[in-house]
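Read-outs: derived from the displayed coordinates by stated rules, not from any lab. Just so you know, these numbers come straight off a predicted model, no measurement behind them. We place every Cβ from the backbone using ideal geometry, glycine too, and count neighbours over all the protein chains shown.
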Amino acid sequence: MKKLIIPIFFLLSLTAYKSMEGPDYIDIQELRKLYSSGDSSKWPSAELHENVDKSKFQDIGELPAVPYPDYNPYSKEKESLGKILFFDPRLSKSGQIACASCHNPELGWTDNLTRSFGHDRQTGKRNSMTILNSAYATSLFWDGRASSLEDQAQFPVQDPLEMNEKLTIAVDRIATIKGYNSLFTDAFGDKKVTLERIQYAIATFERSINSPKSKFDQFVSGKSDIYTDQQVKGMHLFRTKAQCINCHNTPYFSDNQFHNDGQTLFGTKNEDFGRYNVTKEVKDIGKFRTPTLREVANTRPWMHHGHFPTLLDVVEFYNLGNPSPVQKRYLGTARDTLIPKADPMLRKLDLNKEEISDLLAFIETLSTPTRRIIIPEMPK
């Protein structure tokens, strides 16, 4: 009888151990092996919402080589000219505001302000997006009103809340600065200054502003020991239960699409219809471009309005399912057709405190230490 007691006790213990694992048990070492294999086809399947086009879905991973358009190929001279123009405040009416005023290289290429200020210290309507890795964006600005970096470069100059200058005057002013003659000649073959050349040079410089390899990039390319167990769990949650992968996919960590995240702030002084302001289509009310999560730890505060001071605030908000109250006072009024509808992909996630910590630990691995750059001397 005693001989039977020992194996029975062992079996009961083993059963208890397996039950402790539970249905949500994750083998961290197995996940570490799969995710750091260098082969994303070996990764566990991403949990995608039914609204995600599976045929076009691209998983997260290392960034490919920077794409340059055929109409504006890369040259070192064009990049150098673009860098100077990016930092030159003489493109603005006041002579005080440059592109770099809102996109400071020491502040994650943004300004870390809730909303940026520009001409006469006027405050803009939205938080400045970082230009880091913007070469991989298929449209620019929160509402996608610019189709390329070349197109984007002209908007701040003429915006009355930013640089507040007529494009023709800005171009003429640069043309009168003799120090630019040789720079335009080196970049374009002659000293002629045009709006298009200014746009092309600035865009070429902006495409050079890219992240070095992050801890994430090193981990997925084979450096399996660079992640803690918490970061491994966070990566798995990112692609599964936390549902981040639905919008923050591709190596750019953005689907380059537009979604209503429940932050239209309808009926308030901060109301912003986002993409609708560009397309005038009701379906686009409250939609904003999915921002990249690369370097996200360095680009505070967050969301298009800059109202979220910590990444924990952002994760908690999504965990609650983006509670966007129904604006009942507008029902039956002229505005009831404009009441925004949040994206159906947004729902309660039921992440516990440990899972939230794990997710944040992973997200922080997408950022790299801030790098200083040499500010160019302005031509005279």
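Assuming a ≥ b ≥ c are the square roots of the Cα gyration tensor eigenvalues, decide whether the stretch 167-302 counts as rounded (a/c under 1.5), prolate (otherwise, with a/b larger than b/c) or oblate.
Oblate.
Which translational diffusion coefficient, to the nearest whole µm²/s, is obtained for the chain from the Stokes-Einstein equation, given a Kirkwood hydrodynamic radius over C-alpha pairs, 37 °C and 0.692 mPa s?
Value of D from the Cα-based Kirkwood radius: 142 µm²/s.
With axes computed from alpha carbons, what is the tilt in degrees of helix 229-239 against the longest principal axis of the chain, rounded to the nearest 10 within 0 to 90?
Taking Cα atoms only, the helix is inclined about 70 degrees.
What is the extension gain from GLU271 to THR310, computed as 0.36 nm multiplied by their sequence separation minus the C-alpha to C-alpha distance, in nm to one decimal?
Computed gain between GLU271 and THR310 is 11.9 nm.
Testing the spin-label approximation: label points 7 Å from Cα along Cα→Cβ at LYS54 and ARG371. State their distance in nm.
Here the modelled spin labels are 3.9 nm apart.
List the longest stretch of the chain that has no exposed loop site; here a site is one of the chymotrypsin sites (Phe, Trp or Tyr not before Pro) assigned by DSSP to anything other than H, G, I, E or B, with at most 14 other Cβ within 10 Å.
Answer from the scan: 75-380.
At what distance in nm do the modelled label points of ASN104 and LEU167 sit from each other, each positioned 7 Å from its Cα along Cα→Cβ?
Result: 3.0 nm between the two label points.
Multiply the residue gap between ALA175 and SER41 by 0.36 nm, knock off their C-alpha separation, and tell me the result in nm, one decimal place.
42.9 nm
Roughly how big is the chain's charge dipole about its Cα centre, with Cβ charges of +1 (Lys, Arg) and -1 (Asp, Glu), in debye to the nearest 20?
Charge dipole, the chain, about its Cα centre: 340 debye, nearest 20.
What residues qualify as long-range amide H neighbours of GLY274, i.e. H under 5 Å apart, gap of 5 or more or another chain, H built at 1.01 Å from N?
Close amide H contacts, sequence-distant or interchain: GLY286.
Which aspartates and glutamates have a Cα lying under 12 Å from the Cα of LYS213, excluding residues fewer than 8 positions away in the same chain?
Here the aspartates and glutamates satisfying the reach criterion relative to LYS213 are GLU62, GLU295.
Just to confirm the number: angle between the C-alpha axis of helix 2-21 and the first principal axis of the chain, 0 to 90 degrees, nearest 10?
Around 20 degrees separate the two axes.
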